[in-house]
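Asker: Please find one structure pasted underneath; my questions will follow.
The values are calculated or read from the model by the stated rules, or taken from the named source; none is laboratory data. What you see is a predicted model; the values in this text were computed from it and never measured. With ideal geometry, Cβ positions are generated from the backbone for all residues, glycine too; neighbour counts draw on all protein chains shown.
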Amino acid sequence: MKTIMRGLMLAAFSMVCGAAFFAVSASAAMYYMDSQGGSDNNAGTSQNAAWKTLNKVNATTFQPGDSIVFKRGGSWTGKLWPKGSGTAQAPIVVDAYGAGNPPLLNGNGEEAAVYLYNQQYWEIKNLEITNDNGASSRRMGIYVVNEGAGLLNHIYVIGNNVHDVYGNNVKDGNGSGGIKIRTKTGSVKSNYNDVRIDGNTVGPRVDRTGIDVNSDYWCRTDSGCTGTNNWYPSTNVVIENNYVTDVGGDGIVPMATQGAVLQYNTVNGFNMRSGTANAGIWAWNADDTVIQYNEAFNGNTTQDGQGFDIDYGQSRTIVQYNYSHDNDGGFMLICQPGGAKNDGGIVRYNISQNDYARTFHLAGPTTNTLVYNNTIYLPTGSTTSPIVAGSWDGYTKSVSFYNNIWHLDGGGIWDGLSNIASFTFKYNTIYGVHTVGEPADANKSTANPLLAAPGTGVNRSTVDGYKLLQGSPALGSGMAVSSNGGKDYWGNAVSQTGAPNRGAYNGPGIQGTPASIVKNGGFEAGVLSPWTNWNTAGVVSGNARSGSYALRLNGGPGSAEQIITLQPSTTYTLKGYAKTDNSSQPVRIGVKNYGGTEQYAVITSTSYSLGTVTFTTGSANTVATIYIYKPSGTGYAYGDDVTVE
């Protein structure tokens with residue numbers, strides 16, 4: 001009898017528990033917000049009975065599976081801080097509904113426009129967020145805080161537009177930011193797991209950091225901290241598909257993370273206001289970070305100022321498949337102070353175009369860094385140093401450069417490399433200008449690597465100009481690197497054992513014509529640059545042999561000249577077309593300052609005629625001056641389609 005009764009009681013208990021679980025799941029509700037037609041006296045659970053103010057939301061503790069949806073076209077002022085937490089099966093979602101512009105939340109000088117404190121399983125989506133009352137102070141757009149709550153899970157920030165967060169530019173973990181996920185010291189050691197920041201636009205006019213994840217649990221010897229070890233990193237952090245622009249300091253920075261992934265992000269314009277050391281995309285005090293498929297440009301500083309950075313407190317950071325361009329501080333910083341750690345970083349299959357100051361900046365006693373299969377382009381007139389090795393409590397201890405291509409139409413010195421304790425430089429290509437400090441390399445190539453169209457990249461998806469043409473000496477001439485990631489910038493396979501290409505491209509040579517050594521040789525830029533004028537030269541519309549523009553010399557003497565980058569002891573052919581209005585006033589196409597006697601072709605024709613000059617550079621000559629010159633007379637002369645092969 002007791003056994004029967006126990007069975008009946010257990011069955012009844014199971015039914016009650018099941019009903020309770022069903023009731024919790026079924027209780028999930030959608031709450032509507034309407035800043036114009038809503039009322040806080042409404043139930044909030046339908047569009048026709050929406051709530052109105054943030055106060056109503058902030059006074060409510062939401063249940064797992066609930067949604068809070070804001071009407072598009074509406075606007076709210078103050079801090080949004082809904083209470084409660086979701087579950088793994090039923091997160092709480094903040095989102096938009098209806099048609100029109102995203103719902104606008106203006107913090108108006110609050111600490112944050114959207115705030116969560118010791119909460120988990122939340123998703124914040126599709127909002128427009130500002131936080132500006134005209135006065136600068138510490139403030140955020142979206143601010144998620146863990147203070148002594150232990151492990152908090154599943155914080156997703158997706159598809160929001162955060163701009164005009166007028167904060168201070170103090171650089172610390174508690175500083176201003178567009179989107180900030182922060183762990184503060186509390187009674188319980190705490191961190192986050194499963195953080196996803198995806199598809200947001202941050203900026204313009206956001207201070208100080210665009211996107212960051214940071215923690216007060218950061219102390220360990222790797223970061224130079226001599227106190228009690230309390231490094232407690234957040235895990236499963238993914239920051240992807242975001243566009244960050246016009247930020248006061250850093251672009252995107254995860255700190256105190258393990259295995260964070262930063263991918264498919266764009267940072268356009270960083271350190272616009274802070275005036276301190278910043279970089280575009282980087283991590284700090286974080287192990288096993290992967291930074292890939294990103295673009296960083298328009299960095300506005302030489303205090304750091306690189307598009308990308310492997311900073312200190314890190315082991316095994318990988319920076320791959322990224323595009324850096326037009327950054328004041330350069331492409332890549334690899335650094336640490338004495339007493340900290342930066343070990344095992346890898347920089348591979350990246351492209352740098354028109355970066356300034358230095359393409360690679362090595363600072364401090366970093367160890368075991370590998371830099372291979374990157375492609376670097378510097379334009380004519382650039383003074384950027386290909387590598388700078390400086391001291392930060394000591395110099396780099398060990399770094400290796402393999403299979404990289406530097407296409408240097410211009411460039412500064414290679415600075416400080418003799419200070420590196422263990423510097424390995426093998427199978428690299430250095431083409432163009434050769435300056436002081438260039439490292440020795442028994443397998444170095446100085447031949448034109450035949451990049452398809454260097455200098456023509458616009459964004460991360462338009463860099464096919466850095467593929468190799470058929471016949472390139474960089475094809476299959478590199479050295480094998482183990483554990484090399486298995487693919488290049490474009491996704492072509494890279495063998496673990498066979499000789500790869502040099503540079504970021506490992507596919508077969510593509511068809512095409514090598515880029516002309518002469519820049520603006522057809523004058524189709526509509527301006528003279530990079531040619532220089534002496535007396536009478538200018539560019540005109542019309543009278544062109546091809547295209548829409550031509551060079552015109554308004555009488556003589558006068559000329560247009562261009563300094564081009566060449567290889568020593570190499571034979572070249574200069575070709576160009578010219579004509580003169582008066583056959584008794586000839587025009588010359590020529591070359592000088594190449595290590596031999598000045599040579600030129602004389603053209604007296606009143607219609608375009610080809611002039612050809614063949615010359616061989618001297619053994620130590622890496623530049624030449626080409627020109628179109630009219631010695632005398634008052635008539636016009638024209639030039640077009642100048643090439644050097």
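Asker: Part of a helix (DSSP H, G or I), closer than 21 Å to His361 by Cα and modelled with pLDDT of 95 or more: does that describe Ser418?
Answerer: In short, yes.
Asker: Which residue out of Ser583, Ser529 is within 24 Å of Ser632 (Cβ to Cβ), free of Cβ contacts under 8 Å to residues at least 40 places away in the same chain and in a loop (DSSP other than H, G, I, E, B)?
Answerer: Ser583
Asker: Still on this model: Taking Thr573 as meeting all but one of (1) of a type in the set (Ser, Thr, Tyr); (2) outside the structural domain of Asn350 (by TED's automatic domain parsing); (3) in a loop (DSSP other than H, G, I, E, B), write down the number of the exception.
Answerer: Here Thr573 clears every test but (3).
Asker: If you don't mind, another one. Just checking, how many residues over region 384-437 are free of Cβ contacts under 8 Å to residues at least 24 places away in the same chain and β-branched (Val, Ile, Thr)?
Answerer: Counting residues in region 384-437 that are free of Cβ contacts under 8 Å to residues at least 24 places away in the same chain and β-branched (Val, Ile, Thr) gives 1.
Asker: Right, next: Go through region 174-198 residue by residue and tally those that are assigned to a loop (DSSP other than H, G, I, E, B) and either surrounded by 17 or more Cβ atoms within 10 Å (Cβ to Cβ) or of a type in the set (S, T, N, Q) (or both).
Answerer: Residues meeting the conditions: 6.
Asker: Only residues that are touching a strand residue (DSSP E or B) at 6+ places or on another chain (Cβ under 9 Å) and either loosely packed, with under 15 Cβ neighbours inside 10 Å or of a type in the set (S, T, N, Q) (or both): list them for region 515-537, please.
Answerer: Ser516, Asn520, Ala525, Gly526, Val527, Thr532, Asn533, Trp534, Asn535, Thr536
Asker: Looking only at region 281-301, count every residue that is hydrophobic (A, V, I, L, M, F, W, C) and surrounded by fewer than 24 Cβ atoms within 10 Å (Cβ to Cβ) and tell me the total.
Answerer: Of the residues in region 281-301, 3 are hydrophobic (A, V, I, L, M, F, W, C) and surrounded by fewer than 24 Cβ atoms within 10 Å (Cβ to Cβ).
Asker: Oh, and also: If you take the residues of region 87-136 that are in contact with a Pro (Cβ under 8 Å, 6 or more places away or on another chain) and touching a residue at least 40 places away in the same chain (Cβ under 8 Å), which of them is farthest from Lys180 (Cα to Cα)?
Answerer: Ala90
Asker: Looking at region 427-457, which of its residues are within 10 Å of Ala474 (Cα to Cα) and not in a loop (DSSP other than H, G, I, E, B)?
Answerer: Passing the criteria: Thr429, Ser445, Leu451.
Asker: Output the qualifying pairs, or none if there are none: Cβ atoms under 8 angstrom, residues six or more apart or on different chains, first residue in region 38-66 and outside the structural domain of Ile124 (by TED's automatic domain parsing) and farther than 19 Å from Tyr97 by Cα, second residue of a type in the set (A, V, I, L, M) and part of a loop (DSSP other than H, G, I, E, B).
Answerer: Note: pairs meeting the criteria are Gln63/Ala28; Gln63/Ala29; Pro64/Ala28; Pro64/Ala90.
Asker: In this structure, does Glu128 turn out to be out of contact with any Phe, Trp or Tyr (no Cβ under 8 Å at 6 or more places or on another chain), charged (D, E, K, R) and either more than 27 Å from Gly175 (Cα to Cα) or crowded, with 17+ Cβ neighbours inside 10 Å (or both)?
Answerer: Yes, satisfied.
Asker: Taking region 472-489 only, how many residues are crowded, with 18+ Cβ neighbours inside 10 Å and either more than 25 Å from Pro454 (Cα to Cα) or not assigned by TED's automatic domain parsing to the domain that holds Asn373 (or both)?
Answerer: The number of residues fulfilling the criteria is 1.
Asker: Suppose we filter Gly210, Gly249 for residues that are in contact (Cβ under 8 Å) with a residue 60 or more places away in the chain and either of a type in the set (Val, Ile, Thr) or part of a strand (DSSP E or B) (or both); which single one remains?
Answerer: The conditions single out Gly210.
Asker: Closer than 24 Å to Gly307 by Cα and assigned to a strand (DSSP E or B): does that describe Ser461?
Answerer: no
Asker: Do we have Asn492 as touching a residue at least 12 places away in the same chain (Cβ under 8 Å), crowded, with 21+ Cβ neighbours inside 10 Å and over 23 Å from Thr634 (Cα atoms) here?
Answerer: It is false that Asn492 is touching a residue at least 12 places away in the same chain (Cβ under 8 Å), crowded, with 21+ Cβ neighbours inside 10 Å and over 23 Å from Thr634 (Cα atoms).
Asker: So for region 74-82 (the condition being aliphatic (A, V, I, L, M), assigned to a loop (DSSP other than H, G, I, E, B) and at pLDDT 95 or above), does at least one residue qualify?
Answerer: Taking every residue of region 74-82 in turn, none turns out to be aliphatic (A, V, I, L, M), assigned to a loop (DSSP other than H, G, I, E, B) and at pLDDT 95 or above.
Asker: Within region 22-79, which residues are more than 18 Å from Asn106 (Cα to Cα) and of a type in the set (Val, Ile, Thr)?
Answerer: Scanning region 22-79 gives Val24, Thr45, Thr60, Thr61.
Asker: Would you be able to say whether some residue in region 184-193 is within 29 Å of Arg273 (Cβ to Cβ), among the basic types (Lys, Arg) and modelled with pLDDT of 95 or more?
Answerer: Yes, the conditions are met somewhere in region 184-193.
Asker: Regarding Ala260, is this residue of a type in the set (A, V, I, L, M, F, W, C) and within 23 Å of Gln303 (Cα to Cα)?
Answerer: no
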